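What follows is a short report on a single structure.
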Amino acid sequence: MGRVDCDRTTKFCLIKGLKIEGEISDTITAALSKLIETFGHQRDPNVQSNDLSGTTISLDSPGGSVSAAMEVGRLLRMNRMTAFVDPYASCLSACVLIYAGAAARFGYNKLARVGIHQPYLQVPSQKIDAVTVRKDYNTMLLDIRAYLREMNVSERLAYEMMKTPPSSVRYLTAEEQESFGLSVIDPIERETSALEGAQKLGLDRTEYNKREALSIEVCPLDSSFNSCHDNMMKTGSSNLLDLSKFGTPLR
């Protein structure tokens, strides 16, 4: 699943190689909880906080336990972790609930598959009773809807799941993911990061938002973007060379 790696010199710890693959079960929930707990024990509180916002997890799962998936999703959200669905990987069925829980999500690439279908119950050992099945199924659906609300994801996703039988999969396009609220960055995480950034720079939110908008407008989408963006946020101006004094460029 992953490991805690601490640098002997800086005493800075990271969780590396974090990946969920195969069927989702309570075993995965327990393993992730243990890993986060180990990180908390091994980190030096004088060097770093218990913040795991820079930690990424790769998802490649056909689904599994709905309840376990929601518990894993809550762990991701609580620790502000980022989920990836890499090219040629799949995040299907209950895995989408883990994906929904991540503070940031990257499953938009055309070679990754994020898919949904109707959730289903496991076959019980006792005699099947229609009333019990109806009760258990409705409880599961209520739990899923409540979880999606908790993660700022539209409950419509739960309704769309019901339209595809368990034997099939409906793959979500980037546009559909966005419409369901499975946007790249959760809005609360975006707000938290903005507040942290503004506080660190000593800016009020109006000035922070202004500089953020300018960086998107001015900074080129190439390897110089990060440097330009950082300078814009710190100073209010980009570090790009001003060529206006040389006249109007040829077209």
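Read-outs throughout are calculated quantities, based only on the coordinates presented, and are distinct from any laboratory measurement. Only a predicted model underlies this, so the values are computations on that prediction, with no experimental measurement involved. Because the Cβ atoms are built from the backbone with ideal geometry, glycine has one as well, and the counts that use them run over all protein chains shown.
For the range 188-240, give the magnitude of the charge dipole about the Cα centre (Cβ charges: +1 Lys/Arg, -1 Asp/Glu; no others), in debye to the nearest 20.
Working: 6 positive and 9 negative charges, 28 e Å.
The dipole of the range 188-240 has a size of about 140 debye.
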Near the amide H of Cys91, under 5 Å away, which other amide H atoms are found, from residues 5 or more places off or on another chain, if H is placed in the peptide plane?
Ser61, Arg113, Val114, Gly115
Which trypsin sites (Lys or Arg not before Pro) in the range 1-106 sit in a loop by DSSP (not H, G, I, E or B) and have at most 10 other Cβ atoms within 10 Å of their own Cβ?
Arg8
Hull volume per residue for the range 52-115, using the convex hull of the C-alpha atoms, in Å³ is 58
Using Cβ contacts closer than 10 Å as the measure, can you line up Cys13, Cys95, Cys6 from fewest to most?
Cys6, Cys13, Cys95
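Charges at C-beta only: +1 for Lys and Arg, -1 for Asp and Glu. How large is the resulting dipole of the range 62-211 about its Cα centre, in Debye rounded to 20? All intermediate terms of the calculation are to be shown ahead of the outcome.
Numbers: 19 positive and 17 negative charges, 22 e Å.
That gives a dipole near 100 debye.
Considering Cα pairs under 8 angstrom that are at least six residues apart, work out the relative contact order of the chain and quote it in whole percent.
Details: 379 pairs, mean separation 31.2, N = 251.
Dividing the mean separation by the residue count of the chain yields 12 percent.
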With a 10 Å cut-off between alpha carbons and a GNM built on the chain, which of Asp129, Asp230, Asp44 moves the most?
Asp129
Cα→Cβ-extended label distance, 7 Å offset, between Lys11 and His41, nm
1.8
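Helix by helix through the chain, keep the DSSP H runs that span 20 Å or more along the axis on Cα and average at least 1.0 on Kyte-Doolittle, and give those back in order. Let's see the in-between values first.
Working: long enough: 26-42 (24 Å, 0.12); 130-150 (30 Å, -0.27); 187-201 (21 Å, -0.68).
In the chain, no H run is both long and hydrophobic enough.
From the helices alone, meaning DSSP H stretches of at least four residues, give me the mean residue ellipticity at 222 nm for the chain, per-run term -39500 (n - 2.57), in deg cm²/dmol to the nearest 500. Please report the intermediate quantities before stating the final value.
On the way: 9 runs with 110 residues, N = 251.
For the chain, the value works out to -13500 deg cm²/dmol.
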Step through the residues of the range 53-58 one at a time and calculate ³J(HN,Hα) from phi using the Karplus curve (6.51 cos²θ - 1.76 cosθ + 1.60, θ = phi - 60°), rounding each to whole Hz and writing x for Gly and Pro.
5, x, 7, 10, 10, 9
Spelling it out for Ser183: with amide H atoms placed in the peptide plane at 1.01 Å from N, the residues 5 or more places away or on another chain with amide H under 5 Å from its amide H are none
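Quote the relative contact order of the range 1-77 in percent (integer), defining contacts as alpha-carbon pairs under 8 Å separated by 6+ residues. Working shown, then result.
Values: 99 pairs, mean separation 30.1, N = 77.
The normalised contact order for the range 1-77 reaches 39 percent.
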If R0 = 25 Å, then Ser193 and Ser223, at their Cβ-Cβ distance, give a FRET efficiency to the nearest 0.05 of 0.65
Computed label-point distance, nm, for sites Ser237 and Asp136 using a 7 Å Cα→Cβ extension
6.8
antiparallel share of DSSP beta bridges within the chain, to nearest 5, in %, is 35
